[in-house]
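**Q** Have a look at this one.
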Amino acid sequence: MNDKREDLVEKLTSHGYIKTEKVKKAMGSVPREKFMPPETRPYAYLDRPLPIGEGQTISAPHMVAIIAEKLDLCEGMNILEIGTGFGYNAAVVSEIIGSNGHVYTVERIPSLAEKARKNLENTGFGDQVTVIIGDGTLGYPDKAPYDRIYGTASAPQIPEPLKKQLKIGGKLIIPMGSHNYYQELVSVLRISEDDFKFQDLGGVAFVPMIGKHGWPKD
Ligand code: SAM
């Protein structure tokens, strides 16, 4: 499995998705197969999103790399993730920010959150990543403000609570758009209390972010 992981990381680097040593090291050390159900583990090192149950997916490795690079992560940061899934992306981010940092990650589907907690504990991230069950479009005000916030599901617009929970100088990355199968990855830099700078990072395809400031349930 290690060789396959190394090959994938090399491929992601040569294709330009991985740009920095810190992202390369993290993706080379976090075992993606341990954040997947047994039936899809043989495919852990294909660059594909794969099913994790409840109609949800583990993100494709290149997407995890793009988000990690664009977040410009540093050691010790306070991070909020919306959409835990089985916990893989949170583990990669936690590996980069180290044990002085913390990742708070919100998942709306309890069975996925429980599984993510177990996966994170089993891989040694239990103390550095906290999984919260709830509607991530509300953010997680208890531990705000955050250096970085990122969404791994797509919202029709940027949820206001997430903008409010960013530190000044902090960055939010989220897939956004009105189409179900195609969205834009948007980066939001908080410049001051009321000023935000937006940047379009290109097209992506994510599952919907369902919640008060996201898509309705049905
Ligand atoms: N971060 C995951 C990984 O490591 O691959 C990817 C997760 S999947 C692409 C997106 C997740 O967002 C799903 O598990 C889904 O249930 C969750 N989700 C959707 N809307 C949400 C919301 N409002 N709050 C929290 N989680 C949400």
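**Q** Criterion first (touching a Ser or Thr at 6+ places or on another chain (Cβ under 7 Å), more than 22 Å from Gly136 (Cα to Cα) and within 14 Å of the ligand (Cβ to nearest atom)) does Pro31 satisfy it?
**A** Criteria met by Pro31.
**Q** Could you grab me the full set of residues in segment 140-165 that are more than 11 Å from the ligand (Cβ to nearest atom), under 21 Å from Val204 (Cβ atoms) and over 14 Å from the mean Cα position of the chain (by Cα)?
**A** Pro156, Gln157, Ile158, Lys163
**Q** Now, a different point. Does Thr137 qualify as being polar (S, T, N, Q) and under 15 Å from the mean Cα position of the chain (by Cα)?
**A** The answer is yes for Thr137.
**Q** Do you know which residues across segment 205-218 are at pLDDT 95 or above and touching a Leu at 6+ places or on another chain (Cβ under 9 Å)?
**A** Once the filter is applied, which keeps residues that are at pLDDT 95 or above and touching a Leu at 6+ places or on another chain (Cβ under 9 Å), segment 205-218 yields Gly211, Lys212, His213.
**Q** For residues that are away from the ligand (no atom under 16 Å from the Cβ), open to solvent by 20 Å² or more (accessible area, probe 1.4 Å) and among the basic types (Lys, Arg), tally how many sit in segment 166-214.
**A** The qualifying residues number 3.
**Q** Here's another thing I want to ask about it. Answer yes or no as to whether Leu112 is touching a strand residue (DSSP E or B) at 6+ places or on another chain (Cβ under 6 Å) and buried (at least 19 other Cβ atoms within 10 Å of the Cβ).
**A** Criteria not met by Leu112.
**Q** Restricting attention to segment 132-152, which residues are open to solvent by 10 Å² or more (accessible area, probe 1.4 Å) and either assigned to a strand (DSSP E or B) or touching a Gly at 6+ places or on another chain (Cβ under 6 Å) (or both)?
**A** Ile132, Ile133, Asp135, Asp147, Arg148, Thr152, listed by residue number.
**Q** Hey, another quick one. Taking the options Val129, Val92, name whichever one is closer than 19 Å to Ile67 by Cβ, modelled with pLDDT of 95 or more, touching a Leu at 6+ places or on another chain (Cβ under 6 Å) and buried (at least 22 other Cβ atoms within 10 Å of the Cβ).
**A** Val129
The values are calculated or read from the model by the stated rules, or taken from the named source; none is laboratory data. Everything quoted here is computed from the prediction, not taken from an experiment. Virtual Cβ from ideal backbone geometry, glycine too; neighbours counted across all protein chains shown. Keep in mind that these areas ignore ligands, DNA and RNA; they rest on the heavy atoms of the full protein, side chains included. Shrake-Rupley method; radii C 1.70, N 1.55, O 1.52, S 1.80 Å.
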